[in-house]
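Chemist: Once you've had a glance at the structure underneath, I'll fire off some questions.
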Amino acid sequence: ATALANYDVMINNLRPYCTAIIHCLVIPDDDYDMTAINNGLIAAYGGIDTIVDTFTSFKTAGQTTLAIAYNGDGTHLNDNGHVHQASLISTDVPYILI
């Protein structure tokens, strides 16, 4: 709840200066389940801003941990993970590459 509240303050401070805000879901982490935070982001901003799902395809099937193919250290992405994340973002918001 605190993380989402702090995030909301940041977004509300940015909104007057932005024409669009793009939110990327929190990637899976081996130590913490990010599902509640991601659901909170979707609930709060899904109808207002663009949400890039940078969670679902990164998780281990049936779990909330980071898939081995993208796992650098259990929390951070490896090189394959960064390439995959860039692909997801460029697919969902190609206009940022113009």
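Chemist: Enter the per residue convex hull volume of the chain, computed from alpha-carbon coordinates, in Å³ rounded to the nearest integer. Provide the component values of the computation, followed by the final result.
Modeler: On the way: hull volume 10.7 nm³, N = 98.
Convex hull volume per residue, Cα atoms: 109 Å³.
Chemist: Run the simple label-point estimate for Y32 and D92 please: 7 Å along Cα→C-beta, distance reported in nm.
Modeler: 1.9 nm
Chemist: So, one more: Take each of the peptides 52-60, 66-74, average the number of other beta-carbon atoms within 10 Å over its residues, and list them starting from the highest. Walk me through the numbers on the way to the answer.
Modeler: Details: 52-60: 17.0, 66-74: 15.2.
The packing order, highest mean first, is 52-60, 66-74.
Chemist: As I understand it, the value is the acute angle between the Cα axis of helix 79-92 and the longest principal axis of the Cα atoms of the chain; what does it come to in degrees, rounded to 10?
Modeler: 40 degrees
Chemist: Where does the charge balance sit around C24 when Lys and Arg score +1, Asp and Glu -1, over other residues with C-beta under 15 Å from its C-beta? Please list the in-between numbers first.
Modeler: Details: positive: K59; negative: D29, D49, D53, D92.
Neighbourhood net charge equals -3.
Chemist: Return the carbon/sulfur percentage of the accessible area of segment 50-98, one whole number, probe 1.4 Å, all protein chains in place. Working shown, then result.
Modeler: Working: 1720 of 2930 Å².
Looking at segment 50-98 in its full context, I get 59 percent from C and S.
Chemist: Might you tell me the accessible area per residue for the chain, computed with a 1.4 Å probe and given in Å²?
Modeler: Values: 6080 Å² over 98 residues.
That works out to 62 Å² per residue.
Chemist: Taking 0.36 nm per residue of sequence separation and subtracting the Cα-Cα distance, how much length would be gained by fully extending the chain between N39 and H76, in nm to one decimal?
Modeler: Values: separation 37, 0.36 × 37 = 13.32 nm, distance 2.06 nm.
Extending this stretch completely gives an extra 11.3 nm.
Chemist: Taking the Cα centre of the chain as origin, work out the dipole magnitude from +1 charges on Lys and Arg Cβ and -1 charges on Asp and Glu Cβ, in debye rounded to 20.
Modeler: Working: 2 positive and 10 negative charges, 59 e Å.
Taking the Cα centre of the chain as origin, the dipole is about 280 debye.
Chemist: Place +1 on the Cβ of every Lys and Arg and -1 on the Cβ of every Asp and Glu in the chain, take the dipole about the Cα centre, and give the residue among L77, I89, V26 whose Cα lies farthest towards its positive end.
Modeler: Comparing the listed Cα positions along the dipole, I89 ranks first.
Chemist: Could you pull out every residue, at least 5 positions away or on a different chain, whose amide H is within less than 5 Å of the one on A67? Hs are placed 1.01 Å off N in the peptide plane, and Pro or chain starts have none.
Modeler: Those qualifying (amide H under 5 Å, at least 5 residues apart or on another chain) are K59, T60.
Chemist: How many nm is it between the label spots at T64 and T50, if each spot is 7 Å from the Cα in line with the beta carbon?
Modeler: About 2.8 nm, to one decimal.
The values are calculated or read from the model by the stated rules, or taken from the named source; none is laboratory data. None of these values were measured; they are calculated from a predicted model. Using ideal geometry, Cβ is built from the backbone for each residue, glycine included, and neighbour counts are taken over all protein chains shown. Remember, those area values only see protein heavy atoms, side chains included, never the ligands or the DNA or RNA. Shrake-Rupley method; radii C 1.70, N 1.55, O 1.52, S 1.80 Å.
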